[in-house]
Amino acid sequence: MIRQRNWSANFRSKTFTVGFLFVLLTVLWLILIGTSWSEAHASTSPNNSVSASSGTDKTGEEYSFRWLDPEKKITVLQNRKYLKSERLFISASGGVATSSAFRTAFSFDPRLSFNFSEDWGFEAFYTMVFNRENSTFQALRQAANVLPVVREIRAQYGAMIQYSPWYAKINVFNNILYFDWNFSAGAGLVHTALDTRATSSDSAQYVFVDRFAIFAATGQQFHLSHDICFRLDFTSAFYQAMVFGTSGAQVWWTNFTGGAGFGFRL
């Protein structure tokens, strides 16, 4: 029982560390974006030599964004080239997951989205998670006959409200790349498989339970054309389960998935 408690505590500590690093990177990215927007606002203010409405400086010459696009003169950066309002979006992505401290997990994540406006939308998803024993579990099997609690995430599915507050353009190898940055929150279920065997000599015996989960996600969609997007997504699932598998207090657990894929907008 002591060994199981230690492994459970270690897993929760690692999960907290991953979550903390993810939040820290998000905050740093927000600071970077905010600084860039502040500089851009200052450069287009009435006291600046560049006019935001006409795209000219005080000498009357057109302000040229040659570093951004040498073939065009850009006067309005806020215009949207690729619109997503009132359009369905079908996508699929693959990546990694943190199913368990004793499993290496990969995910496949098809999604269906619909945007009510350029800022707000709705997304439904079904994430399949594929697990295999990792080196930590194999080393434990060889060192001890008693196994820890192993709870795999086999799938997770639900629906989320999506908010896209940022639309941006960046210069990538002298080409303009348009992308949206979105945040999502919602609810659904996680399909768990609890390995109930007590010793390594026994064969695996799983108990399957669906548990209510709260989902939070963030992602970016890079517009390759009016219909095709490349997307990056990070999703967190928060659910409650017993700390020792089938006994103990109900505690919160977290599963992270991250992936990349493509989507088609109808």
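Here the spin labels are modelled as points 7 Å beyond Cα on the Cα-Cβ line, and at Arg132 and Ile214 they lie 3.5 nm apart.
Taking 0.36 nm per residue of sequence separation and removing the Cα-Cα distance, the Ala187/Asn174 pair yields an extension gain of 0.6 nm. Sum up the charges of everything whose Cβ sits under 13 Å from the Cβ of Thr196, counting Lys and Arg as +1 and Asp and Glu as -1, but leave Thr196 out. Summing Lys and Arg as +1 and Asp and Glu as -1 gives -1. Built from the Cα atoms of the range 150-266, the convex hull projects on average onto 10.1 nm², one quarter of its surface area. Sorting the segments 158-165, 244-251, 116-123, 96-103 by their mean number of nearby beta carbons within 10 angstrom, highest to lowest, gives 96-103, 158-165, 116-123, 244-251.
Averaging the sequence gap over all C-alpha pairs within less than 8 Å and six or more residues apart, then dividing by the number of residues, gives the range 84-265 a relative contact order of 21 percent.
Here's the picture: charge each Lys and Arg Cβ at +1 and each Asp and Glu Cβ at -1 in the range 84-265, and of Gln220, Phe256, Thr98 the one pushed furthest to the positive end of that dipole is Thr98. The distance separating the Cα centre of the range 232-266 from that of the range 76-149 comes to 8 Å.
Computed over neighbours whose Cβ is under 15 Å from that of Ser107, the net charge equals +2, Lys and Arg +1, Asp and Glu -1.
Please go through the range 191-220 and write out the chymotrypsin sites (Phe, Trp or Tyr not before Pro) that DSSP classes as loop and that have at most 12 other C-beta atoms within 10 Å. Loop-located and lightly packed - none at all.
Every number here is computed from the coordinates shown, using simple stated rules; none is lab data. Just so it is clear, the structure is predicted and the values come from calculations on it, not from any experiment. Every residue, glycine as well, gets a Cβ built from its backbone with ideal geometry; the counts of neighbours run over all protein chains shown.
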